[in-house]
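Data block below; observations after.
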Amino acid sequence: MNAATGTRGRPTAEAIRSVTEGLRLTCGDRVATGQAIRDQHGHGEGLADGALPDVVVFPQSNDEVAAVVRLCAAARMPVIAFGVGTSLEGHVAALYGGVCIDLSQMNRVLEVHAEDLDCRVQAGVTREQLNAELKGTGLFFPIDPGANATLGGMASTRASGTNAVRYGTMRENVLGLTVVTADGRIVHTGGRARKSSAGYDLTRLFVGAEGTLGVITEVAVRLYGIPEAISAAVCQFPDLKSAVDSVIVAMQLGVPVARIELLDAVQMDASIRYSRLDGFAAKPTLFFEFHGTEASVREQAETIESITGDHGGSAFRWTSSPEERSKLWKARHNAYYAALALAPGSQAFATDACVPISRLADCVMETQADIDATGLIAPILGHVGDGNFHLVIVFDPARPGDREKAEGLAARASLRAIAMGGTCTGEHGIGVHKLDALVVEHGEAVSLMQAVKRALDPLDIMNPGKTVPHAGPVAGRP
Amino acid sequence: MTAAAIDALQDAVRAAASGGGRLRIRGSGSKDFYGGALEGDVLDTRALRGIVAYAPTELVVTARAGTQLAEIEDELARHGQMLAFEPPRHGPGATLGGVVACGFSGPRRAAAGAVRDFVLGVRIVDGTGEALAFGGQVIKNVAGFDVSRLMAGALGTLGVLTEISLKCVPLPRVERTRAIDCDAADAIRRCNEWGGRPLPISATCHVAGRLWVRLSGAGPAVSAAAVEIGGADADDAAPWRAIRDQTHPFFAPAVTGPVPLWRLSVRSTAPCDDLGCDTLVEWGGALRWLVPRAPVEASRLRAWAAAHGGHATLYRAQDKSPGVFQPLAPAMAGLHERLKRTFDPHGILNHGRLYPAF
Ligand SMILES: Cc1cc2nc3c(=O)[nH]c(=O)nc-3n(C[C@H](O)[C@H](O)[C@H](O)COP(=O)(O)OP(=O)(O)OC[C@H]3O[C@@H](n4cnc5c(N)ncnc54)[C@H](O)[C@@H]3O)c2cc1C
């Protein structure tokens with residue numbers, strides 16, 4: 001148990017006061033205890049319920065982060081790393097209070113190695129900032145979770161998003177990290193040589209650890225040449241199954257489409273209104289984007305158009321101008337807010353099932369039937385090329401029983417995916433909301449994950465209560 | 001049969017755990033040459049054999065760890081697919097578990113990704129004898145810690161791999177190798193220049209004054225690229241398999257003779273300094289194989305590799321006293337030891353194979 005929090009209550013006023021004093025000595029006036037700032041750092045996106053940290057600190061260097069963590073370790077005070085708070089599963093909620101480390105002032109691009117196709121950035125750099133700073137190099141960083149998240153946050157949630165079919169996820173694209181461990185030491189994983197590391201691949205362990213094993217302060221990532229040719233197309237379908245089946249065939253043929261996004265009829269309706277998409281019908285729709293040389297883009301597009309045609313899809317509607325394309329993807333990225341706008345005053349949260357491609361159609365169709373049975377508004381959308389799709393479940397917090405109904409639907413979506421050989425989370429992560437599903441999915445293996453947590457964070461101060469359930473030691477394990 | 005084999009394996013681990021024994025995990029032994037000390041009784045994985053699940057339309061194959069790579073790759077090829085990381089075999093009996101544990105990737109690595117990038121899930125028996133599953137069969141999974149990828153390259157020190165799920169990819173429709181005569185510096189410069197462009201390069205290798213470039217993909221793209229990169233067609237002489245398995249004459253002094261073989265993983269733009277070694281360059285410059293012409297100080301190679309962002313491994317050697325792997329910084333070493341204790345609290349599995357301390 002945590003000394004500063006007693007039986008996992010919040011830290012005592014005395015502990016907070018003394019840690020805050022220490023933080024001020026380290027970070028000067030970059031320490032905030034005001035209600036508004038704590039409010040803002042107590043929750044991510046998704047469900048509104050959060051929990052406030054006691055203090056928010058804005059370090060500017062690796063050494064400052066290390067000093068903050070050492071202070072917290074000495075006081076057994078929880079440490080919650082914070083990027084920009086776009087995570088969806090309660091990841092940043094300060095369940096046991098403590099110190100929130102906001103990395104937004106660690107926002108420098110440290111090195112760009114155009115010839116090596118990689119770069120190293122501080123954890124607080126956002127993906128849009130990185131791409132803006134890469135302008136002129138002919139390179140870009142492709143991982144795009146929609147939200148303008150930080151590289152540290154994206155690494156910590158192992159984010160993927162719309163480009164994963166072609167470029168992979170953070171898992172494949174992080175080359176190395178600088179991490180402040182739970183005892184306040186600075187370690188470097190991976191290296192500039194991007195092909196392998198010496199010893200255990202600790203990069204892969206910190207990527208996706210949701211801040212529970214250490215604070216990432218620097219991230220080295222792969223970059224890619226901006227494709228010679230990019231074009232996007234939209235195709236609409238008479239029914240959901242035809243759209244999903246088209247994707248399955250495309251993936252099985254191995255067509256290297258950069259993005260394939262599904263929006264069901266409800267979502268299209270919402271997006272047409274919210275993002276003013278003209279000339280589209282409220283029907284199940286696929287957004288495609290092709291990257292490559294002029295020749296390969298044409299070839300990919302022809303292959304895909306013949307597949308969609310076979311499944312009753314409309315002729316492709318092309319958007320090759322960058323403005324039109326960005327409008328389209330902006331609409332996709334705003335899908336969540338578009339869904340929320342369907343019912344003013346409502347709240348929403350997303351599910352994140354990912355299943356083997358061959359089960360995708362079954363999973364989507366069963367889920368559709370489940371949504372219909374609940375009577376909730378819950379558009380289906382997602383990066384179906386990886387077998388991953390989301391429901392944005394909209395509910396009215398004021399209506400009795402609505403939230404329970406929504407949570408039931410979400411839980412069934414997770415269980416359905418697990419039962420089909422998939423996972424409850426393809427990209428959003430576990431946070432707090434999916435701890436139960438993790439146990440269903442991984443069974444006994446969870447106890448080893450808990451042991452890993454204890455090994456790397458014996459005081460349980462790093463984002464406690466997230467990613468793996470709390471548990472005492474198991475016989476036979478340290 | 002497999003259930004019995006896994007039971008037997010768990011029993012062996014439990015017996016070692018309670019009796020203070022040590023186990024040396026082994027498939028066919030094709031990679032016995034690799035890594036540090038071989039300590040303890042052999043724990044043979046070859047009873048864990050067979051493809052468990054392979055639906056070609058799924059692009060995922062699940063096989064038991066003792067299955068021969070040849071069996072898996074033949075089955076994939078029958079369905080027009082392959083393992084994209086082009087696993088080195090180093091012997092006809094090479095097993096899947098061995099290549100994943102060693103973290104070996106072949107010529108296609110720079111273009112397609114490393115073995116760990118294709119591991120979707122594993123089953124292991126840890127050092128307490130517990131059978132556990134991590135990850136799964138889907139392409140994306142962020143549920144909990146990424147333990148399955150930690151197993152790739154851990155050299156069996158964290159658990160006995162019993163089953164592995166890998167992502168596979170369609171075979172390229174067309175494959176063509178070009179040969180360009182040039183020196184190593186020129187080869188590295190060219191490869192790095194090509195690297196930022198959307199060319200279908202799937203492998204590069206420079207050895208003995210010649211740069212070999214493999215192009216893989218759709219016909220028109222490969223033809224266009226062949227013209228663009230220049231050189232001449234050299235499909236018949238293509239060295240890819242020989243490089244993958246180190247049967248190429250370059251490796252002979254180390255494979256059949258007493259000369260050490262160093263593997264340097266560095267930035268792809270690292271220069272071609274004279275380190276007193278014959279050099280074979282792969283992965284667009286990021287991988288340098290070194291065969292010393294006369295004895296070379298390990299510390300010199302390690303310092304050079306570190307200065308170029310990487311590390312040096314004593315890949316094959318009769319005398320491993322310089323240490324096989326680049327030593328870890330103290331804080332990193334501490335994390336390694338804690339992880340080792342977590343997975344294998346009694347220090348049974350492949351003791352000394354990765355680092356002497358554990
Ligand atoms: C509209 C919308 C759409 C989205 N779509 C997608 C999508 O398509 N795909 C996808 O993958 N995600 C998606 N997300 C989720 C979200 O963008 C990601 O989870 C993102 O990666 C989080 O980054 P962040 O900087 O906001 O991190 P935060 O939310 O601040 O933190 C996320 C987690 O990482 C930890 N953390 C943050 N920074 C660090 C650090 N430096 N070191 C250690 N731990 C740290 C935090 O403690 C927390 O546990 C979406 C979110 C929204 C709001």
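With all protein chains in place and ligands, DNA and RNA left out, the 1.4 Å accessible area ranks B:R293, A:R76, A:R416, A:R17 as B:R293, A:R17, A:R76, A:R416, largest first. Hey, for a label at B:D7 modelled as a point 7 Å past Cα toward Cβ, could you say which residues of segment B:24-66 have their backbone N under 17 Å away? Correct set: B:47-49.
Among A:W318, B:W240, the sequence by solvent-accessible area, most first, with a 1.4 Å probe is A:W318, B:W240. Prolate is the label for segment B:2-170, because the ratio a/c of its alpha-carbon gyration tensor axes (a ≥ b ≥ c) is 1.5 or higher and a/b is greater than b/c. Near the amide H of B:L211, within less than 5 Å, lie the amide hydrogens of B:I180, B:D181, B:C182, all on another chain or at least 5 residues away, with H placed in the peptide plane.
For the pair A:E407 and A:S326, the difference between a 0.36 nm per residue extended length and the Cα-Cα distance amounts to 25.8 nm. The stretch between A:E111 and A:D63, if pulled fully straight at 0.36 nm per residue, gains 15.4 nm over its current Cα-Cα span. Dipole magnitude for segment B:172-317: computed about the Cα centre from +1 point charges on Lys and Arg Cβ and -1 point charges on Asp and Glu Cβ, it is near 400 debye. For chain A, the Cα-based Rg and Dmax, in that order, read 22.5, 69 Å. Take every DSSP beta bridge whose two residues both sit in segment B:1-148; close to 70 percent of them are antiparallel.
Contact order for segment A:343-433, expressed relative to its length and based on alpha carbon pairs under 8 Å spaced 6+ residues apart, stands at 41 percent.
Here the Karplus relation 6.51 cos²θ - 1.76 cosθ + 1.60, evaluated at θ = phi - 60°, turns the backbone of segment A:245-251 into coupling constants of 4, 4, 5, 4, 4, 4, 5 Hz, with x for every Gly and Pro. Over 20 Å apart at the Cα level, from the set A:K241/A:K283; A:K434/A:K466; A:K453/B:K167; B:K140/B:K167; B:K31/B:K140; A:K405/A:K434, are A:K453/B:K167; B:K31/B:K140. In plain terms, the chain from B:D319 to B:H79 could stretch by 82.0 nm, reckoned as 0.36 nm per residue minus the Cα-Cα distance. Taking all protein chains as shown and a probe of 1.4 angstrom, A:K405 keeps an accessible surface of around 90 Å².
Using the Cα centre of segment A:109-225 as the reference point, and only Cβ charges (+1 on K/R, -1 on D/E), how large is the resulting charge dipole? Debye, rounded to the nearest 20.
In debye, rounded to 20, segment A:109-225 gives about 220.
Near A:R259, the amide H atoms lying under 5 Å from its own belong to A:E289; only residues 5 or more places off or on other chains count, and H is placed 1.01 Å from N. Take A:T203: with every protein chain present and a 1.4 Å probe, its accessible area is about 0 Å². A straight line joining the Cα centroids of segment A:379-397 and segment A:228-278 runs 14 Å. Computed over protein heavy atoms with a 1.4 Å probe, the accessible surface of segment B:11-67 works out to 41 Å² per residue.
The amide H of A:I377, built 1.01 Å from its N in the peptide plane, has A:V394 as neighbours under 5 Å, considering only residues 5 or more places off or on other chains. Toward the positive end of the charge dipole of segment A:267-385, about the Cα centre and with charges on Cβ (Lys, Arg +1; Asp, Glu -1), which of A:H291, A:I377, A:G345 goes farthest? Final value for the positive-end residue is A:G345.
Where both bridge residues fall in chain B, DSSP classifies roughly 90% of the beta bridges as antiparallel. Of the residues B:G19, B:A65, B:L9, the one whose Cα sits farthest toward the positive end of the charge dipole of segment B:2-170, with +1 on the Cβ of Lys and Arg and -1 on the Cβ of Asp and Glu, is B:A65. Summary of the geometry: segment B:96-110 and segment A:9-48, compared by the centres of their Cα atoms, lie 46 Å apart.
For the protein assembly as shown, a simple Cβ point-charge model (Lys and Arg +1, Asp and Glu -1, everything else neutral) yields a dipole of about 1460 debye relative to the Cα centre. Positive contributions from Lys and Arg (+1) and negative ones from Asp and Glu (-1), summed over other residues with Cβ under 12 Å from the Cβ of B:R176, come out at -1.
In this view, the solvent-accessible surface of A:D396, computed with a 1.4 Å probe and all protein chains in place, comes to about 50 Å².
Rounded, prolate or oblate: which fits segment A:229-336 when a ≥ b ≥ c are the square roots of the eigenvalues of the alpha-carbon gyration tensor, with rounded for a/c under 1.5 and prolate only if a/b beats b/c? Oblate. Heavy-atom accessible area with a 1.4 Å probe sorts B:H351, A:H333, A:H41, largest first, into A:H333, B:H351, A:H41.
Candidates B:I124, B:A94, B:P107 compared by Cα position along the dipole of segment B:2-170: farthest toward the positive end lies B:P107, with charges placed on Cβ.
If you take every DSSP beta bridge fully contained in the protein assembly as shown, what fraction is antiparallel? Give it as a percent rounded to 5. Around 85 percent of the beta bridges assigned by DSSP in the protein assembly as shown are antiparallel ones.
Here the Karplus curve 6.51 cos²θ - 1.76 cosθ + 1.60, taken at θ = phi - 60°, turns the phi angles of segment B:248-254 into couplings of 5, x, 3, 7, 3, x, 8 Hz, with x standing for Gly and Pro. Give me the distance between the Cα centres of segment B:146-180 and segment A:336-373, rounded to whole Å. Between the Cα centre of segment B:146-180 and that of segment A:336-373, the gap is 33 Å.
At R0 = 45 Å, how high is the FRET efficiency between A:Y337 and B:L38 if r is their beta carbon distance? Nearest 0.05 is fine. According to the calculation, E is roughly 0.15.
The alpha-carbon of A:K327 sits under 20 angstrom from the alpha-carbons of these aspartates and glutamates, leaving out residues fewer than 8 places away in its chain: A:E128, A:D144, A:E261, A:D264, A:D269, A:D278, A:E289.
Each Lys or Arg adds one and each Asp or Glu subtracts one; over the other residues with Cβ under 12 Å from the Cβ of A:A338, this totals +3. Each residue of segment A:71-84 was assigned a 3J(HN,Hα) from its phi angle through the Karplus curve 6.51 cos²θ - 1.76 cosθ + 1.60 (θ = phi - 60°); the sequence is 4, 5, 5, 4, 9, 6, 9, x, 10, 10, 6, 9, x, 10 Hz, with glycine and proline shown as x.
The values are calculated or read from the model by the stated rules, or taken from the named source; none is laboratory data. Just so we're clear, the structure is a prediction, and the values are computed from it rather than from any experiment. In this analysis, Cβ positions are derived from the backbone assuming ideal geometry, glycine residues included, and neighbour counts consider all displayed protein chains. Each accessible area value is taken on the protein alone, full model and side chains, heavy atoms only, with ligands, DNA and RNA left out. Shrake-Rupley method; radii C 1.70, N 1.55, O 1.52, S 1.80 Å.
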